[in-house]
Amino acid sequence: MTIGAPLPRQDAAVKVTGAAQYVGDLEVPGALEGVFVVSAVAAGRIRSIDRADALTVPGVVSIFGPGQLGVTGPIEHWAAGQASMPMTDAEIRYEGQPVALVLATTGIAAREAAARLVVTIDPLPHQSSFAASLDLGIEIKDWAPTSTAVGSVADGLAAAEVTITARYRTADRHHVALEPSAVVARWVDGGIDLWTSTQWVFGVRAAMAQMFSLPPDKVRVRSGYVGGGFGAKGSTWPHEFLAVAASRAVAAPVRIVLPRSQTFTLHGYQPATVQELTLGARNDGTLTAIRHESWNAASVADDYVEHGSLGSRTMYACPNIETRDRIVRLNRPQPTFMRAPHEGPGMVGLEIAMDELADRLDMDPVELRIRNYARHDPTSGKPFSSKALDQCYRLGAERFGWARRSPVPAAWGPGGVRIGMGMASALMSTFRFGASARVTLERDGSTLVETGAHEIGTGVRTILPQIAADALGLPIERVRVSLGDTTLPEAGGTFGSATTLSVGSAVRIAAVKLKERLETLAGEPGLEPREYAEVLALHRLERVSEEGTWAPTREEGAYAMNAYGAVFVEVAVAPHDPVPRVTRCVGAFSVGRIINPRTARSQVIGGMIWGLGQALLEDSRLDPALGRFVAKGFGSYQIPVNADVPAVDAIFADEFDPHASPIGARGVGEIGTIGVGAAVANAVFNATGVRVRDLPIRVESLLQP
Ligand code: MOS
């Protein structure tokens, strides 16, 4: 059995030796390098652009200002990260907005000229402070409802014996993928040939076709290796459109590699949220009411809803649940999906509130969650496709040693250091899309899997060959994979934790069809892999190929689908230096069948480490006076490094989800990062008795007057 084997990453060697080519590495003869000049103010109007000094830099070819690239905005397309298109008019709507594009024969020349370009902007008043603007929250129409209600929260609260109401906050956070976004655009023969660091080549193709009024078959998009995406590369962003427009304008290939600073403003970030939670319960812990209202910061030029209340609709059995998601439009760059969007921030509020409720009820936090275990979706009424969260609570608590937790805060620790334990539930809705794949067997036994999916660090180059090898009975060494090209069979984007279940199912279907074809050619079932070559030779075939397509069915729509987890954290807090140190972290996850325990474990451990960042470090401060994100690089934006990361352990429930996908998988990409933030805050309460409702947890959060 190849499925379920902990195979090592098939692309490890090319990555660690530097052989893997990223967009910035591509040798493109005649390519010009492009650098954006961006606005330092959050609102204003461009008065003038003085090119004289910039044009003296040797190697400069062109400098484009607003309206000079032949593009018009906005672009209303589901694959575009933002509708508003910079460089189309003189208006400044957010800090970091491109105001000019410099093209030169080398990157150094382009950067030098960009630095010498004199752009004069008349600033205008701006509104950038999220904290001061919650009353401006508005409801907009989005892909998921932004208001839901079942039962009556008023009745539920009237029946409650204990109620909790509080506000919780999560910070603005950036993706900071190691590889900055990069694109090479070629306008050729009235069409587009694009290399771009993206999670979704078919999305880029569709958006480009609309923007440039081309049939999709005149647009080819490739994405080879991607050095992390986390959602920042999930949509098509202005720098990609503008690179194409520039290539058309100068009739040469154009490459744009965003400098690190511009990755903080040009392709989204996770917006800050404020969440107000009200819980009502009986003394035995039974929930009678859940109200979850969430606000997120958004841009004046665009819409982005961080659905902070999404998880509260489905997490706990409760007859009365009301949720609302509102956005506050501000002069700031467009936010976007970031690994574990929606539930990632949203479960911070719900799961700290549950800990507060457990404390008020004098009840064990795990016990409170089991008391309110949802056997079906409380909002939609649908049964779950599969759910092994009860296993996760039990396995996680055992592995962690939860039984040793003191119910009394600040009760113990060596030499004045206080040790605390906290836990939280995790939930991520399962997203699925249709996908196609082709599997080809050569006479020499080598096999190729082809699909327009992408590897962004998740293990796709291992998982997909593994699924094909399993179906064909071949060793994985015989199976290669080709990804990230719109000339390959269509797959959805590598996002939403959906690639294994969606594309993996397509690969499985193609490989099974291929095996059946070989058996038909052989005239007998039960063909052995060592007989494949013989069968091909007999029919004078060099290769056989089959395509497989998988899509969610209408019948499966009768089920609610979520990935689940239970996260347990231990912290140590010293009395005079109250920086919480996480000493241990255990996550137990219910994600359907595990195709490869090694890459799956890597995914959830990476996610948990990111969760430690949400809990303790990641905070992209936006200066409300300047309307400007202060952080512009790794020096000013803190993420966990090895020294911050304690013993992290992950376990998986034994599960096969028959409704999520034919291979039994749901998804592991995002669930690992959820719940950690709340679990750390809850552990800090257990250690110190101080309730922190605002992430990341700062020293000043714990300095009590
Ligand atoms: Mo993710 S935020 O679905 O890349």
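For this structure, a couple of remarks:
- Residue 650 away from the ligand (no atom under 16 Å from the Cβ), aliphatic (A, V, I, L, M) and at pLDDT 95 or above: yes
Quick grid of which residues meet (1) touching a Leu at 6+ places or on another chain (Cβ under 6 Å); (2) part of a helix (DSSP H, G or I):
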position	(1), (2)
570	no, no
575	no, no
586	no, no
608	no, yes
613	no, yes
625	no, no
632	no, no
638	yes, no
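- Flag for residue 620 being open to solvent by 30 Å² or more (accessible area, probe 1.4 Å) and among the hydroxyl-bearing types (Ser, Thr, Tyr): no
- Exactly one residue out of 516, 490, 542, 528 is touching an Asp or Glu at 6+ places or on another chain (Cβ under 9 Å), of a type outside the set (Phe, Trp, Tyr) and in contact (Cβ under 8 Å) with a residue 24 or more places away in the chain: that is 542.
- Index of the failed condition, residue 172 passing every other in (1) open to solvent by less than 10 Å² (accessible area, probe 1.4 Å); (2) within 18 Å of residue 335 (Cβ to Cβ); (3) touching a Pro at 6+ places or on another chain (Cβ under 8 Å); (4) not polar (S, T, N, Q): (1)
- Looking across the stretch 640-682, the residues that are crowded, with 20+ Cβ neighbours inside 10 Å, assigned to a helix (DSSP H, G or I) and either aliphatic (A, V, I, L, M) or under 18 Å from the mean Cα position of the chain (by Cα) (or both) come down to 671, 672, 673, 676, 677, 678, 679, 680, 681.
- Scanning the stretch 436-464 for residues that are under 22 Å from residue 226 (Cβ atoms) and more than 15 Å from the ligand (Cβ to nearest atom) yields 436, 437, 438, 448, 449, 450, 451, 452, 461, 462, 463, 464.
- Residue identified as away from the ligand (no atom under 16 Å from the Cβ), farther than 18 Å from residue 427 by Cβ and in contact with a Leu (Cβ under 9 Å, 6 or more places away or on another chain) among 301, 289, 353, 317: 289
- Residue, farthest from the ligand (Cβ to nearest atom), within the stretch 231-252, restricted to residues that are surrounded by fewer than 24 Cβ atoms within 10 Å (Cβ to Cβ) and not in a helix (DSSP H, G or I): 251
- Qualifying residue in the stretch 547-561 (condition: touching a residue at least 12 places away in the same chain (Cβ under 8 Å), crowded, with 23+ Cβ neighbours inside 10 Å and among the hydrophobic types (A, V, I, L, M, F, W, C)): yes
- Residues within the stretch 115-133 that are over 30 Å from residue 171 (Cβ atoms), hydrophobic (A, V, I, L, M, F, W, C) and in contact with a strand residue (DSSP E or B) (Cβ under 8 Å, 6 or more places away or on another chain), tallied: 3
- Residues that are more than 21 Å from residue 229 (Cα to Cα), aliphatic (A, V, I, L, M) and outside the structural domain of residue 91 (by TED's automatic domain parsing) within the stretch 1-44 comprise 1, 3, 5, 7, listed in sequence order.
- Qualifying residues in the stretch 493-525 (those that are under 42 Å from the mean Cα position of the chain (by Cα) and closer than 14 Å to residue 473 by Cβ) - the one farthest from the ligand (Cβ to nearest atom): 519
The values are calculated or read from the model by the stated rules, or taken from the named source; none is laboratory data. Owing to the predicted nature of the structure, the values given are computational and were not obtained by experimental measurement. Don't worry about glycine lacking a Cβ; one is built from the backbone with ideal geometry, like all the others, and counts go over all protein chains shown. Ligands, DNA and RNA are stripped out before the accessible areas are found, and what is left, the full protein with its side chains, is counted by its heavy atoms. Shrake-Rupley method; radii C 1.70, N 1.55, O 1.52, S 1.80 Å.
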